[in-house]
Ligand SMILES: Cc1ncc(COP(=O)(O)O)c(C=O)c1O
């Protein structure tokens, strides 16, 4: 089936407080957000009609904007309500949700203090980020050329569009070489994350993951750490040097899009898709499934 471009899908988009037809959700070419990357966004996922950790995502969106020096003119509650209404109006059950806020077009230059702040929320039906058959085999990652910047260089705690420039470059390069994604080191040369997901390793029954001091402390990352601890698995957050990957037995990525995705290869290092990874994949699926639909499924 031919891929339908995203600007040609059907339905509605919540845009600056109202629901508009999908094709009408446009912005002017002289928008500050487009020229200077003054925009922040979220990636959310609805399971059984409910966005997993919606409030945490919306709060992070607000915080991301504040870090970039602007305030979103809709409250967390208003955005949460708009998201739920959008899913209902679009009749979506398992979906991806993309809220975005950006500076408008009143001023065109590096400074844009007076520009109005706009916001949109779009949602669409969504399959797995990585192909399902690829997932259980474990995906292959390239080593990215670009590094996550020093927090003194870029506002790394914000989910700001500008920070994704090096992610797109890295993922494109990896895909050109036949890999599914790329692992990025940070400015110090330590293991950081993939281009849109956090990374975990398994060694001797323990989980090891880099301390998120210059990249996103993912909502999925924190969820999976909680699930691991519930199973009595020790989670070690620390600086991880790339050479250490030689001694790790398993590896997986976490993210709203990636969920828990096993990794079989990163550059010269190989990993098994082991029981601990598979157990956390299952725990995560159970965690994101709304309790009401889980009961229905169990009764069937
Ligand atoms: C660069 C990056 N790191 C990590 C994550 C994982 O974050 P989360 O689990 O909140 O989706 C994402 C996805 O939003 C991301 O884009």
- Using a ≥ b ≥ c from the Cα gyration tensor of the chain (square roots of the eigenvalues), is it rounded, prolate or oblate, where a/c under 1.5 gives rounded and otherwise the larger of a/b and b/c decides, a/b for prolate? oblate
- Note on the structure: Restricting to Cα pairs under 8 Å and 6 or more apart, the percent relative contact order of the chain works out to 17
- Jot down the per residue volume, in cubic angstrom and as a whole number, of the convex hull over the alpha-carbon atoms of segment 10-125. 89
- How far, in degrees from 0 to 90, does helix 219-230 lean away from the longest principal axis of the Cα atoms of the chain, to the nearest 10? 40
- Item | Nearest-ten-degree value, helix 76-89 long axis tilted from longest Cα axis of the chain | 90
- By counting other Cβ atoms within 10 Å of each Cβ, how are 103, 98 ranked from fewest to most? 98, 103
- Item | Descending Cα extents along the principal axes, segment 132-288, whole Å | 38, 30, 30
- Query: Taking the Cα-to-Cβ direction at residue 291 and at residue 22 and moving 7 Å from each Cα, how far apart do the two end points lie in nm?
  - Reply: 3.5
- Message: Can you tell me, using C-alpha contacts under 8 Å and at least 6 residues apart, the relative contact order of segment 132-288 as a whole percent?
- Response: 26
- Task: Rank the residues 203, 291 as a footprinting-exposure proxy: fewest other Cβ atoms within 10 Å of their Cβ go first.
- Result: 291, 203
- The extension gain from residue 146 to residue 81, computed as 0.36 nm times the residue separation minus the Cα-Cα distance, is 19.6 nm
- Item | Stokes-Einstein diffusion coefficient of segment 145-220, Kirkwood radius over Cα pairs, 25 °C, 0.890 mPa s, in µm²/s | 189
- Query: Given labels modelled 7 Å from the Cα in the Cβ direction, how far is it in nm from residue 204 to residue 93?
  - Reply: 4.7
- At R0 = 30 Å, FRET efficiency that the Cβ-Cβ distance of residue 246 and residue 136 yields, to 0.05: 0.80
- Find the relative contact order for segment 206-251 and round it to a whole percent, using C-alpha pairs within less than 8 Å whose residues are 6+ positions apart. 55
- In degrees, nearest 10, range 0 to 90: what is the angle between the Cα axis of helix 165-176 and the longest Cα principal axis of the chain? 50
- Task: Could you check the simple spin-label distance between residue 107 and residue 154, using points 7 Å along Cα→Cβ, in nm with one decimal?
- Result: 2.5
- Isotropically averaged projected area of segment 184-253, using the convex hull of Cα atoms (one quarter of hull area), nm²: 4.3
- Task: Rounded to the nearest 500, what is the 222 nm mean residue ellipticity of the chain from helices alone, with -39500 (n - 2.57) per DSSP H run of 4+ residues and division by all residues?
- Result: -8500 deg cm²/dmol
- Query: Shape of segment 2-62 from its Cα gyration tensor (a ≥ b ≥ c, root eigenvalues): rounded if a/c is under 1.5, otherwise prolate when a/b > b/c, or oblate?
  - Reply: oblate
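Taken together, the values in this text are just the output of simple stated rules run on the coordinates, not laboratory data. Quick caveat: nothing in here was measured; it's all calculated off a predicted structure. Here Cβ is always computed from backbone atoms with ideal geometry, including for glycine, and neighbour counts include all displayed protein chains.
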